[in-house]
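J.: Mind looking over this structure? Questions follow.
The values are calculated or read from the model by the stated rules, or taken from the named source; none is laboratory data. Given the structure is predicted, the values throughout are model-derived calculations rather than measurements. Quick reminder, even Gly has a Cβ in these numbers, built from the backbone with ideal geometry, and neighbours come from all protein chains shown. These area figures cover heavy atoms from the full protein model, side chains too; ligands, DNA and RNA do not enter into them. Shrake-Rupley method; radii C 1.70, N 1.55, O 1.52, S 1.80 Å.
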Amino acid sequence: MAASAVGVIFSNLHEENVPELVRRRTMGSIPFGGRYRLIDFPLSNMVNSGITTVGLMTNNNYRSLIDHLGSGKDWDLARKDGGIILLPPFSDESEQIYTTRLEALKGVTSFLARRQEKYVVLSDCDGVARLDISDIIAFHENKNADITMVTHFEEVEKTEHYMIIGADKDGRVNEVKITPKLRNKAKADVYINVMVFNRQFLLNMVEDALTHGYSCFESDIIAKQLDSLKIYRYDFRGYYAGINSMASYYKHNMELLNREVRDELFGARDIYTKVRDSAPSKYGDDAIVRNSLISDGCEIEGTVENSILFRGVTVAKGAIVRNSIIMQDTIIGPNVSLDCVITDKNVVIGDRRHLSGCEILPYFIQKGTML
């Protein structure tokens, strides 16, 4: 059924939550889990469900994202008809770059108007999950819904913006709360920024919204039209990791050290990413590695515990790396000690440096830094 759908992925939304990681890249190109980028998850979910045409919206810092995606070959999207289609960050009528979701949707109307698929699947890049889009579309069609919103029951983290969805026994949405004040560690059904529409309905809705001067998709369209629109909630009960702060980025990467989480996220269907023909990792005679994810191309002569190392990382003799996320091509010198540290790409840490953070405030080192 998902073969009758076209996908649209927004790669720049929610960047205000992790400003440290998006100074030189989009939200979609943030590295995750040793070898992936955040965009790999929504893109793989669509491909695994039979969607072969995906429009990609991005408005700045997209060089690394384009380099990662290439022609789309690694996702089987290097096609003459369809595949990955880069969409301009403005509409045909305006040269102003979008700043909101509604403005972004206006920018894709000409693309969607030319398509023949019945459904549209919208997804952001701030969540990590293995979703079966076919099931969501089947639910959408069975309910004869105008809009289907995917939610996840979880503990709410108080970020700048989130949406809590209430629904009746049949799943029809009857309440929307945008960034409400909740008690500490409260759990609720949180919208995870994946949505299904009938294509023509979406086109009509965007045109009507702009005619009325609406500016906010969530408050002006969703929250104010619960009675007139048939909006349903799809309750996703699998593993979901929302990246809405540096603490959550650190937490969800560390969760991958749990085998049960890895099996649930990567077990049934592949999560595709750019393939590199790197050499296997090399371990020295005195190297010690415990409970860690080590990508290819690494050289380890020191100690690595409870950590994630991306491709091409060097850990010199005497260095100790614990509870840390070390991104691609980082060099860790002799007798360095790291604990709860996140390094961006191409960082060099000199001899005898001792750096430490904590789980809720990991010590972050910017890309290309030399210490």
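J.: Just for segment 200-222: of the residues that are under 30 Å from Val128 (Cβ atoms) and of a type in the set (Phe, Trp, Tyr), which one is surrounded by the most Cβ atoms within 10 Å (Cβ to Cβ)?
T.: Filtering first and then ranking leaves Phe217.
J.: Gly55 versus (1) assigned to a helix (DSSP H, G or I); (2) modelled with pLDDT of 90 or more; (3) farther than 17 Å from Val275 by Cβ: which is the lone unmet condition?
T.: (1)
J.: Only one of these is of a type outside the set (Lys, Arg) and surrounded by fewer than 16 Cβ atoms within 10 Å (Cβ to Cβ): Gly55, Gly34, Gly50. Name it.
T.: None of the others qualify; the one that does is Gly50.
J.: Hey, another quick one. May I ask you to list the residues in segment 141-169 that are without any contact (Cβ under 8 Å) to a residue 12 or more places away in the chain and either among the acidic types (Asp, Glu) or under 20 Å from Met246 (Cα atoms) (or both)?
T.: Asp168 - this is the single residue of segment 141-169 that is without any contact (Cβ under 8 Å) to a residue 12 or more places away in the chain and either among the acidic types (Asp, Glu) or under 20 Å from Met246 (Cα atoms) (or both).
J.: Now, a different point. Return yes when Cys340 is on the phi > 0 side of the Ramachandran plot, among the hydrophobic types (A, V, I, L, M, F, W, C) and touching a strand residue (DSSP E or B) at 6+ places or on another chain (Cβ under 7 Å) and no when it is not.
T.: Yes: the conditions hold for Cys340.
J.: So which of Ile192, Ile231 is more than 25 Å from Arg115 (Cα to Cα), hydrophobic (A, V, I, L, M, F, W, C) and surrounded by 16 or more Cβ atoms within 10 Å (Cβ to Cβ)?
T.: Among Ile192, Ile231, only Ile192 is more than 25 Å from Arg115 (Cα to Cα), hydrophobic (A, V, I, L, M, F, W, C) and surrounded by 16 or more Cβ atoms within 10 Å (Cβ to Cβ).
J.: Also, I was wondering about something else. Restricting attention to segment 102-148, which residues are among the small types (Gly, Ala, Ser) and within 23 Å of the chain's Cα centre (by Cα)?
T.: Scanning segment 102-148 gives Ala104, Gly107, Ser123, Gly127, Ala129, Ser134.
J.: Determine which member of the set Phe153, Phe197 is aromatic (Phe, Trp, Tyr), in contact with a strand residue (DSSP E or B) (Cβ under 8 Å, 6 or more places away or on another chain) and surrounded by fewer than 19 Cβ atoms within 10 Å (Cβ to Cβ).
T.: Just one listed residue meets the conditions, Phe153.
J.: Next up: Assigned to a helix (DSSP H, G or I), within 23 Å of Tyr98 (Cβ to Cβ) and of a type in the set (Ser, Thr, Tyr) - does that describe any residue in segment 229-252?
T.: No, that holds for no residue.
J.: When the residues of segment 295-309 are narrowed to those that are in a loop (DSSP other than H, G, I, E, B) and acidic (Asp, Glu), which ends up modelled with the highest pLDDT?
T.: The selected residue is Glu301.
J.: Next up: List the residue pairs whose Cβ atoms are under 6 Å apart, where the first residue sits in segment 48-61 and is farther than 20 Å from Ser4 by Cβ, the second is assigned to a loop (DSSP other than H, G, I, E, B) and among the small types (Gly, Ala, Ser), and the two are 6 or more positions apart or on different chains.
T.: Thr58/Ser11
J.: For residues that are among the polar types (S, T, N, Q) and either out of contact with any Asp or Glu (no Cβ under 6 Å at 6 or more places or on another chain) or under 21 Å from Arg37 (Cα atoms) (or both), scanning just segment 336-371, find the one that is most open to solvent (accessible area, probe 1.4 Å).
T.: Asn346
J.: Keeping to segment 264-290, report how many residues are closer than 20 Å to Tyr239 by Cβ and either in contact (Cβ under 8 Å) with a residue 60 or more places away in the chain or open to solvent by 90 Å² or more (accessible area, probe 1.4 Å) (or both).
T.: Of the residues in that region, 9 qualify.
J.: Given the structure, is Arg237 more than 23 Å from the chain's Cα centre (by Cα), at pLDDT below 95 and either crowded, with 17+ Cβ neighbours inside 10 Å or within 30 Å of Arg262 (Cβ to Cβ) (or both)?
T.: The answer is no for Arg237.
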